[in-house]
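*Asks:* Would you mind keeping the following structure in view while I ask a few things?
The values are calculated or read from the model by the stated rules, or taken from the named source; none is laboratory data. From a predicted model like this one, the values you see are computed outputs, not experimental measurements. In this analysis, Cβ positions are derived from the backbone assuming ideal geometry, glycine residues included, and neighbour counts consider all displayed protein chains. For the accessible areas, the whole protein counts, side chains as well, though only heavy atoms, and no ligand, DNA or RNA atoms are used. Shrake-Rupley method; radii C 1.70, N 1.55, O 1.52, S 1.80 Å.
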Amino acid sequence: MKTVVESLRVAGPPAYAVNGFDVERIRADFPILRQKVRGKPLVFLDSAATSQKPQVVIEAISNYYETQNANIHRGVYYLSELATNAYEGARQKIKEFINANSIKEIVFVRGATEGINLVASSYGRKNIKAGDEIVISAMEHHSNIVPWQMLCEETGAKLRVIPINDDGELILEEYQKLLNKKTKLVAIVHISNSLGTINPIKRIVDIAHDSKVPVLVDGAQAMPHTKVDVKKLDCDFFVFSSHKIFGPTGVGVLYAKEALLEKMPPYQGGGDMIKSVTFEKTLYNDLPYRFEAGTPNIAGAIGLGKALDYVAGIGYENIAAHEKELLRHATEALSTIKSLRIIGTAKEKAAVISFVIDGIHPHDVGTILDRDGIAIRTGHHCTQPVMARFKVPATSRASLAFYNTKTEVDLLVKGLHHVIKLMS
C-alpha cells in the first residue's frame with residue numbers, strides 16, 4: 001500500500017511551458033534582469049556561481065510563508081499537513097525529474113557540498129579503510145576534493161587524481177590505470193565549473209563498475225544545462241544544488257541508490273531522523289528521513305520543486321540549442337581579442353568560458369566590467385588545482401544560462417576592449 005507521500009504525483013505540464021524558445025519571453029520571467037547596475041542594464045554572466053530566479057520560484061517561496069508556514073511531518077493540524085504535502089511533493093518532483101527509482105533515494109541537503117560531505121562521512125567512514133584509494137580528477141571543485149582529503153587523513157586512505165590534457169579533458173587511459181583492487185570509490189564532476197568541460201560520465205561510471213567500484217557524480221553544474229537520468233547513468237551517488245538550477249540557495253539533493261543508503265549510518269543526529277529514543281537506545285527513521293535531522297529548509301525545497309517545473313517547461317532540448325549557439329558566438333567573439341587566451345577548450349563544453357588577458361589581472365578585468373553593469377566571476381573558482389595545471393593564478397569566467405543573449409556577449413567583448421585600452 002502506498003503512503004500518502006508516495007501517492008503524490010507531479011501535476012501535468014507547467015502552466016508556463018513555452019512553444020519553441022523565445023529568450024526575451026524567458027527573460028521577462030526573471031525580475032532581476034530588468035534592473036540597471038551603475039546606470040547600465042545588468043548583464044549577468046555568472047550563472048555558474050549562482051543562477052537567477054524566475055518569478056514563479058519567488059512566488060512559490062513567498063506563498064509558502066504567506067499561506068502554509070508550519071513545521072512538517074509531525075503536526076496534525078491543517079497548516080502542517082499543507083506544508084508537509086508541499087515539501088514531500090517537491091521530493092516527488094525531484095525523484096521524477098532525475099528518474100530515481102523511489103523517493104527513498106532523494107535526500108534533502110543544504111547543497112552539493114553537504115551531499116558530498118554526507119557520503120564521505122557516512123559511506124566513507126564505514127567502507128573506506130587504511131590503504132584504500134579514492135579516485136577524483138584534476139578538474140574537481142574544492143567541494144569534491146577536501147571532504148575526501150579529510151576522510152583520507154582520518155582513515156589512512158589515499159587520494160588518486162585523474163590528470164587532464166591541455167584542452168581540459170580527462171585522460172581516460174590514465175583513469176583506467178588508476179583503478180585497482182584498492183580503489184573503493186570514484187568521485188567525479190559531471191561538468192567543470194571553471195573549464196566548462198562535459199565529462200563522459202556514463203563511460204566513467206561503466207569503467208568503474210567493471211572494477212566493482214561505486215561512483216559519486218558532482219552534478220552541480222550539469223543540472224542547469226543537461227538532462228540527468230540517474231538510471232541511465234547508473235551512478236551510485238549524484239549531488240546537486242538548487243541555486244544552480246534557478247531555485248533558492250540553502251537546499252540541494254543527494255541521490256543515492258536505496259541499497260547503499262540502507263547500509264549507511266546516519267550523518268547527523270536529532271529530530272525527525274528517529275523512530276524512537278530512550279536513554280538506552282535510538283531507533284532510526286526510514287529512508288530518506290534517517291539522513292534529514294532537524295527542521296529542513298521547507299521553503300527552499302518547495303522553491304526547488306517549482307524551479308524544476310520551470311526548467312521542464314522550457315525543455316532541455318531548447319536550453320541546449322540556445323546555449324550551444326551562445327557558446328559558439330562567445331568563443332568566436334572572444335577569440336578575436338589577440339591578448340586573450342581561453343582556458344578550457346574541450347570538444348564537449350557547456351556554456352562556460354574562462355579566459356586570461358596578457359598583463360591584466362582577472363580581478364581588474366572584473367572590476368572594470370562591473371562599471372559597465374557586466375557581472376562575471378574572477379578568481380580561482382574553488383578549483384585551485386585547475387589553475388595550477390594551466391599555470392595561471394586566476395581567470396576571468398563568463399558563465400551563460402538560457403536567459404542570456406548574443407547582445408550580452410557582444411557587450412562583454414566591447415567591455416573587454418575597454419578594459420584593455422584602459423590598462424594598456
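*Asks:* Taking interchain pairs and intrachain pairs at least six residues apart, which have beta carbon atoms under 6 angstrom, with the first residue in region 385-400 and closer than 17 Å to Leu170 by Cα and the second at pLDDT 95 or above and among the aliphatic types (A, V, I, L, M)?
*Replies:* Hits for this filter: Pro385/Ala138; Val386/Met139; Arg389/Ala138; Phe390/Ile343.
Per-residue answers, yes or no, for (1) open to solvent by 10 Å² or more (accessible area, probe 1.4 Å); (2) at pLDDT 95 or above; (3) more than 30 Å from Gly89 (Cβ to Cβ):
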| position | (1), (2), (3) |
| --- | --- |
| Leu308 | no, yes, no |
| Ala312 | yes, yes, no |
| His329 | yes, yes, yes |
| Leu340 | yes, yes, yes |
| Lys347 | yes, yes, yes |
| Val356 | yes, yes, yes |
| Leu369 | no, yes, yes |
| Ile374 | no, yes, yes |
| Thr395 | no, yes, yes |
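*Asks:* Among the candidates Ser80, Ser102, which residue alone is free of Cβ contacts under 8 Å to residues at least 24 places away in the same chain and either more than 25 Å from Lys227 (Cα to Cα) or surrounded by fewer than 23 Cβ atoms within 10 Å (Cβ to Cβ) (or both)?
*Replies:* One residue alone meets the criteria, Ser80.
*Asks:* Yes or no: Leu304 aliphatic (A, V, I, L, M), over 12 Å from the mean Cα position of the chain (by Cα) and open to solvent by 50 Å² or more (accessible area, probe 1.4 Å)?
*Replies:* Taking the combined requirement at face value, the residue does not satisfy it.
*Asks:* Return the pairs, sorted by first residue and then second, in which the second residue is open to solvent by less than 40 Å² (accessible area, probe 1.4 Å) and modelled with pLDDT of 95 or more, the first residue lies in region 18-37 and is under 21 Å from Ile245 (Cβ atoms) and charged (D, E, K, R), the beta carbons are less than 9 Å apart, and the residues are 6+ apart or on different chains.
*Replies:* Every condition considered, the pairs that remain are Arg27/Leu33; Arg27/Tyr403; Arg27/Asn404; Arg27/Thr405; Asp29/Pro54; Asp29/Val56; Asp29/Tyr310; Asp29/Tyr403.
*Asks:* Just to be sure before I move on: is Lys324 modelled with pLDDT of 95 or more, open to solvent by 60 Å² or more (accessible area, probe 1.4 Å) and more than 13 Å from His225 (Cα to Cα) in the structure I sent?
*Replies:* Considered against the rule, which asks whether it is modelled with pLDDT of 95 or more, open to solvent by 60 Å² or more (accessible area, probe 1.4 Å) and more than 13 Å from His225 (Cα to Cα), Lys324 comes out as no.
*Asks:* What strands (runs of 3 or more DSSP E) completely inside region 325-424 contain at least 3 residues that are closer than 26 Å to Arg25 by Cα, among the aliphatic types (A, V, I, L, M) and more than 19 Å from the chain's Cα centre (by Cα)?
*Replies:* Here the list is empty.
*Asks:* Go through the residues of region 265-285 one by one and say whether even a single one is open to solvent by less than 10 Å² (accessible area, probe 1.4 Å), over 23 Å from Gly219 (Cβ atoms), modelled with pLDDT of 95 or more and not small (Gly, Ala, Ser).
*Replies:* Yes: one or more hits.
*Asks:* Can I ask one more? Are there strands (runs of 3 or more DSSP E) fully within region 143-236 with at least 3 residues that are open to solvent by 20 Å² or more (accessible area, probe 1.4 Å)? List them.
*Replies:* Fully inside region 143-236 and qualifying: 158-162.
*Asks:* Also, quick follow-up: Within region 50-66, identify whether any single residue is closer than 19 Å to Tyr267 by Cβ, surrounded by 20 or more Cβ atoms within 10 Å (Cβ to Cβ) and either under 25 Å from the mean Cα position of the chain (by Cα) or of a type in the set (Asp, Glu) (or both), and answer yes or no.
*Replies:* For region 50-66, residues closer than 19 Å to Tyr267 by Cβ, surrounded by 20 or more Cβ atoms within 10 Å (Cβ to Cβ) and either under 25 Å from the mean Cα position of the chain (by Cα) or of a type in the set (Asp, Glu) (or both): absent.
*Asks:* Here is a further query. If you check Val386, Val409, Val356, which single one turns out to be within 23 Å of Asn318 (Cα to Cα) and aliphatic (A, V, I, L, M)?
*Replies:* Residue meeting the stated conditions: Val409.
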